[in-house]
Structures are given as structure tokens and as C-alpha cells.
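Any read-out appearing in this document is the output of simple, stated calculations on the displayed coordinates, not a laboratory observation. Note that the structure is predicted; figures quoted are calculated from it, not measured. Positions of Cβ are generated from backbone atoms using ideal geometry, with glycine treated the same way; all protein chains shown enter the neighbour counts.
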Amino acid sequence: MTPRCKRRIAEKLLALTMFATSLDAFAAVTVGLSTSNLAPVAGGAAFSYTMSLGNDALAGASVATLVLPTNARFIGVSVAGADAGRWSCEAPGAGDNGMVACEGGILPANSAATVTVVAQFDGNMSAGVRLATARFTASGQLSETQLQQNVANNASVLTSTEEAREGRRLYRTAHLQVIGQSSLISLLHSEPLPPGAALRFMAGTSGFDEHCRLDPDANTVDCVARRLAPGAYALTLVVDMPDAMFSDGFE
Amino acid sequence: MSIVRKCFGFGRMLAAASLLVGPMAAQAAVTVALAASNLTPVAGGGAFGYTVTLANPDAGTATNVVMTLPLPPGIWFANLGVGGAQAGAFSCVGPGVGENGSVVCRSASFVAGGAVTVDVVVTVDADLAGGIRTATARVVAGGNQNAASRQITLQNDANSALALAASDAAQPGGTASLLATIVNNGSASAINSNFSMALPAEVRFTSIYGTGAFADACSYSPDTRVIFCSMSRVPTGLHQLTLTVDVSPAQPQGTAQFSATLTSGAGAVSGSPAAASIAIEP
């Protein structure tokens, strides 16, 4: 190879290097974030977040993250698009909150990839606004966006009572049915006992009795639960009635 | 191009260009296969393994290889190992022991013709009713991706045996007790089990106390005089319910007969209905 050739090739390589370097340094990155459900229900159906990743020029050290909102539980992640093969993602365990982090390494100009994250909101949360944050960094450039969801709590409660007397003994079982997909938040339930009656025994299902106590002044059994998951609860009370009201003998 | 042609030719130009934009050029594609040592594992049973086999069948070295294996729901990580001639080229991390999550293995350079196996040891949550779980291993390298899936069918081997015992005898106006026992001899929990027992007319309900799955699971219906226990899961082992009853003061001599039933949404049941009796003697 002649010295002239060496010099010309060196000049070409330098030009190519500068070209690539300049693209890398000024690559603009973009991230879009959307969801399949802007108003999900706590404990309700799963929904998805979709991160759309874009870069207008050659880019390196590309990393995209999606921070799940508080109370959002991870279910699954997938990558699609022409450049899906450049991306690998790590995620929290199934059912856990946390961050999905995807690495794309070096991306060609105008690469196309979408990261879809499937999640579900915890049924034990109150209604409220939650923010998901997507972040895309590459070649020192940053793009970040947030998405707001209004999470609903659709819990409601149905109550009924069974009561029977056998001699001096009064049996009462209160049934509470929490319906919906969300947990009931801040339940207050009170069972007034007859005047002069003495509480003999109390038992609840699913730990419901742990929320209850006897108020001896008012002679009521008061239950205060911060949250109750959907399902059926029963509180069984056995009460001894005053002597004056009943004789005993299983009448 | 003319200068290049003169000095190197087109092939050499491409080689030179690849030095600059090497990572962008077409690279070796890594293949992935996924196997399971047990296609029908038992919930709460012995550990089994997923084996991920990675290979580079191309002529060139694969760079920046990343393999991810998210464990299916209810599958817990126990351990992992990397084998094969290129084991040293890979580093792997997994979730905490006893946790769900992803196994991730990385290699900066995976030689042509290379192969490596990643053995992931897992266990199955005992509180599963059974069903199908699908694991998918995905590998990316140089802009290429491949994936392989493996389906397993979880088994629930719960076997709940019901027994009922009672005080031998009680006097009218006295107190008697019954003990209902469930023993789950399986590895898996029984799922959605219901226990039911109606009180005979000779006695009246006083109290109940449960342990294990019976704890916080039972209520008494004054209308039907039935004790009903709804248990979302009955784990392996012993579970007991103690029932205290009063015998009617006016009850003549005789026998109070008790019968209890147990059903389960997942898992076998034996000994149901179970019976016991209390002799009422003055």
C-alpha cells in the first residue's frame, strides 16, 4: 500500500469516525407511555403499560425503565418491534411492585421497539391517583414521561343477621359480604347487645373478630377494620340474657 | 469509493467500516431451548429443574448475549448452575431463594459453535390448586432474539382425612365437647375446603376454638344450628376444631348423634361424613 493510499484511507476512517461520533453524541431519544386502562379498579382486571422507544440516530448505552406506581403489581413483560432483539428486560417477581429495566445496548438510527408491561393494582388500596414513570436514556440523552391513572375502589358491603334464643341464651351471627374486586376500606360495624345481657362468646371468620371488642359502657360489640378483602365474613356472638327475662331449660 | 477500490477493494472497505460500526452489523444469533425435569410437579412437592440450553451455531462470535427466564407465578427460585464448555463466559443471577422473579444470564462474548446450559432449580408453592404454567426463556444477542417455552402441569396431591371424636357421656345440664380433626397427608394444601356440622336437638352451642386451618374459619348459624367452616387452604398437617356444647337440663337419657362433612375444591377427602355420639346419662 502506497503512502498516499494510507493517508487517504486514514482520512476516510477519520471522517467516518467523526460522523458516527457526532450522531452518537446528538442522538435524540424519545419515550412514549400509554396504558390500556386509564381508570383501573383496585384488585380488578390486569392492564398494560406500553413504552414506545425511539432514537433518531445511532445511540449507545440505551436503557429504558418503567417504575410501576405504588400498589401496582407486576405480571409480565414483552418486547416487540423491528429491534426487539436488541432489548432484554428484567422485572420484579410476579405480584411484586418495583421497576422494569430494559437494556438495549447500541441502537441503530430510527430503531423501533415497544415494551409492554402487564400489571394489576392491589385490591387493598383506596381509590386515588397513581403515576407511572417511563425513562429512556441513551448516549447521555434522556427522555422521561409520566402517565396518570385514576384507580377506583369498587368494594361495597351487604350485611344480614341471624338470631335465635334458646333459654337464657341468645345467639346472633352477623354476616358481612364484601362484594366487588377491591377491599373494603375503613369498615365500622356495631352489634348492640340487649340491656343487661352479658357477652359469653365471640368468634369471627377470616380474623374478623380480631377487629371487634366489647364496649362495656354501651354494651355493644364494635368492629373497626382498616380493610376487608372481598368475601364473606361472619361474627358469631353468644350472649347470656338477664335472669329476669328468661328462665333456663332450653324452653 | 474509487480511492477505496484502488487501495483495498470493496471487501476491505466493509471490514474497515465494521470496525467503526461493528455493533450495528449483523451478528451471530444465539439459539435457546428450554426443558423441564418434571412436567407434572406437585404443589409443595420436591424441587425440579428448568434447563436452558444456549448455543451459537453461527460462524461469528455473539456479543452482549442476555438470556432472561421469568419464573411462572407460583414457582419459586431455589438455585442455579451454569455448565458447558463456555460456562465461564456467562454470569447469571436469580431472585432470592424462595422468591419468584427472573433468572438473567449475560455474556459479553459467546464464541462460534459454543454451547452452555443453565440449570435452574425451583420449587412449587404448596397453596396452588394445580393447573398449567408456561415458562419462556428469551435470548437476545446482536439485535437478534430467540425464545423457547415449556409448559408444565401442576398437580395438587392434598389428601384430607376427617375424624370426629366426642365426650363419652354428659349429664343433663352439663357440658360436653367434640373434637373435629383434619389431617392433610399430601404435600399440597387442600384448596377451598368446607366443613359443616349440624347440632342435634339435645345440645346447644357454647363455643368453638380452631387451630390451623380451622382458626378464624368457623361460624355458627342460629337459624340452621349448623357450624360451618370455610377454609381457603388446608396446609399439610393437623388441624383441629374444638366444639363445646351444653346438654339441655330437661334432656332425658339418650344419645346425641353428631355428623360432620368435609368437601374440598382441590385435593382428595376421606372419612367424610364423620360421626360421633355423646351418651346422655343422668
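Give me the tail of P(r) for the stretch A:156-240 as a percent: Cα-Cα pairs with distance above 17 Å. Value for the stretch A:156-240 (Cα pairs over 17 Å): 44 percent. Amide H contacts for B:Val30 (H built 1.01 Å from N in the peptide plane; partners 5 or more residues away or on another chain; cut-off under 5 Å): B:Ala141.
Specify the angular offset, from 0 to 90 degrees and rounded to the nearest 10, of the alpha carbon long axis of helix B:10-21 from the longest principal axis of the alpha carbons in chain B. Rounded to the nearest ten degrees, it is 40. Overall size of the stretch B:159-280 from C-alpha positions, given as principal axis extents largest first: 47, 25, 19 Å.
Averaged across A:104-113, how many Cβ atoms of other chains sit within 10 Å of each residue's Cβ atom?
Mean partner shielding for this stretch: 3.
Taking 1.567 mPa s as the viscosity and 4 °C as the temperature, the Stokes-Einstein diffusion coefficient of the protein assembly as shown based on its alpha-carbon Kirkwood radius rounds to 46 µm²/s.
Mean partner shielding of peptide A:153-162, defined as the number of other chain Cβ atoms within 10 Å of each residue Cβ, is 1. Give the shape of the stretch A:28-151 as rounded, prolate or oblate, defined through the alpha-carbon gyration tensor: a ≥ b ≥ c are the square roots of its eigenvalues, a/c under 1.5 means rounded, and otherwise the shape is prolate if a/b is larger than b/c and oblate if not. Verdict is prolate for the stretch A:28-151.
Considering all C-alpha pairs of the stretch A:94-191, those separated by over 23 Å amount to 56%.
If you plug the beta carbon distance of A:Asn110 and B:Ser270 into 1/(1 + (r/R0)^6) with R0 = 56 Å, you get a FRET efficiency near 0.25. Look at the stretch B:139-145: the mean tally of other chain Cβ atoms within 10 Å of its residues' Cβ atoms is 6. Using the rule -39500 (n - 2.57) for each DSSP H run of four or more residues, divided by the residues of the protein assembly as shown, the 222 nm mean residue ellipticity is -2500 deg cm²/dmol. Altogether, the Stokes-Einstein calculation at 37 °C and 0.692 mPa s, with the Kirkwood radius of chain A over Cα pairs as Rh, returns a diffusion coefficient of 143 µm²/s. Taking packing as the residue-averaged number of other Cβ atoms within 10 angstrom, the listed peptides B:178-191, B:98-111, A:142-155 run from highest to lowest as B:178-191, B:98-111, A:142-155. Phi angles across the stretch A:120-136 convert, under the Karplus curve 6.51 cos²θ - 1.76 cosθ + 1.60 with θ = phi - 60°, into 3J(HN,Hα) values of 8, 8, 4, x, 8, 9, 6, 5, x, 8, 10, 10, 9, 10, 10, 9, 10 Hz, Gly and Pro given as x. Each residue of the stretch B:261-274 was assigned a 3J(HN,Hα) from its phi angle through the Karplus expression (A = 6.51, B = -1.76, C = 1.60, θ = phi - 60°), giving 10, 9, 10, 9, x, 9, x, 7, 10, 10, x, 10, x, 10 Hz with x at Gly and Pro. Take every pair of alpha-carbon atoms less than 8 Å apart whose residues are at least six positions apart; their mean separation over the length of chain B yields a relative contact order of 19 percent. 3J(HN,Hα) couplings calculated from phi for the stretch A:36-47 with the Karplus curve 6.51 cos²θ - 1.76 cosθ + 1.60 (θ = phi - 60°) are, in sequence order, 7, 8, 7, 9, x, 9, 4, x, x, 5, 5, 9 Hz; Gly and Pro show x. Projecting the Cα atoms of A:Met241, B:Ala213, A:Cys223 onto the dipole axis of the protein assembly as shown, where Lys and Arg carry +1 and Asp and Glu carry -1 at the beta carbon, places B:Ala213 farthest toward the positive end.
Relative to the longest principal axis of chain A, what angle (0 to 90°, nearest 10) does the C-alpha long axis of helix A:3-26 take? The angle comes out at about 20 degrees.
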